[in-house]
1. Please state which of the following conditions residue 102 fails to meet, knowing it meets all the rest: (1) surrounded by 16 or more Cβ atoms within 10 Å (Cβ to Cβ); (2) in contact with a strand residue (DSSP E or B) (Cβ under 6 Å, 6 or more places away or on another chain).
2. Would you please name the residue that is farthest from the chain's Cα centre (by Cα), looking only at residues in the stretch 66-92 that are within 16 Å of residue 107 (Cα to Cα) and outside any loop (DSSP other than H, G, I, E, B)?
3. Looking at 149, 143, which is the one that is modelled with pLDDT of 95 or more and assigned by TED's automatic domain parsing to the domain that holds residue 61?
4. Among the listed residues 85, 151, which satisfies the condition of being in contact with a strand residue (DSSP E or B) (Cβ under 8 Å, 6 or more places away or on another chain) and over 18 Å from residue 202 (Cβ atoms)?
5. Taking the criterion of being assigned by TED's automatic domain parsing to the domain that holds residue 69 and at positive phi, would at least one residue in the stretch 132-139 satisfy it?
6. Keeping to the stretch 137-155, report how many residues are loosely packed, with under 15 Cβ neighbours inside 10 Å and more than 21 Å from residue 167 (Cα to Cα).
7. Quick one: is residue 118 farther than 15 Å from residue 88 by Cβ and either at pLDDT 90 or above or over 20 Å from the mean Cα position of the chain (by Cα) (or both)?
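The values are calculated or read from the model by the stated rules, or taken from the named source; none is laboratory data. Computed from a prediction, not measured in an experiment: that's the story for all the values here. Virtual Cβ from ideal backbone geometry, glycine too; neighbours counted across all protein chains shown.
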């Protein structure tokens with residue numbers, strides 16, 4: 001009787017050990033694979049900065065790349081209005097302290113009409129416009145491409161001075177969207193800010 005119990009227990013022990021071994025080998029590989037896939041996506045960032053001027057004013061152009069990751073698109077498609085914020089700082093770098101020439105924030109707002117299937121893109125009050133498009137790529141382009149933003153009058157700049165221009169982008173949900181309060185609670189810690197992108201130039 002004792003020998004029969006041993007004969008039954010031995011295969012069970014071997015099977016249990018094999019299952020444990022396979023769990024250790026398989027599950028870490030799955031986790032590592034998921035981490036690698038997550039790292040493939042590029043973080044939102046500012047690029048293509050160009051500084052131009054006319055006879056009186058200094059202007060800047062730039063672009064936000066990869067600014068619509070999956071969570072942003074999902075929130076937008078659910079009807080949540082979003083605001084994209086572009087912080088722009090022009091300064092004179094110093095040894096111990098930087099001198100700010102101008103600091104401003106450019107806003108672009110976007111809302112998706114889930115019934116009509118249209119995107120409404122609105123610009124900040126300095127260049128107030130509202131554009132309706134029914135194509136996601138066009139909506140992203142309108143939000144992500146920022147052109148001819150006035151920085152400062154040329155008269156406020158000093159010849160042969162070194163200046164540094166810093167730009168970063170961020171996105172946040174519209175807090176005033178009462179109709180989406182329940183959904184907004186899900187995204188309470190949601191949003192992002194890019195790193196500063198800097199350009200140094202000699203005027």
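1. (1)
2. In the first step, residues of the stretch 66-92 are kept if they are within 16 Å of residue 107 (Cα to Cα); the result is 67-68, 81-89.
Imposing the further condition that a residue be outside any loop (DSSP other than H, G, I, E, B) reduces the set to 82-89.
Details: 82: 12, 83: 11, 84: 9, 85: 10, 86: 11, 87: 13, 88: 16, 89: 19 Å.
Per the criteria, the residue is 89.
3. Unique residue meeting the criteria: 143.
4. Details: 151 fails: over 18 Å from residue 202 (Cβ atoms).
Only one candidate passes the filter, namely 85.
5. Checking the stretch 132-139: not a single residue is assigned by TED's automatic domain parsing to the domain that holds residue 69 and at positive phi.
6. Of the residues in that region, 3 qualify.
7. yes
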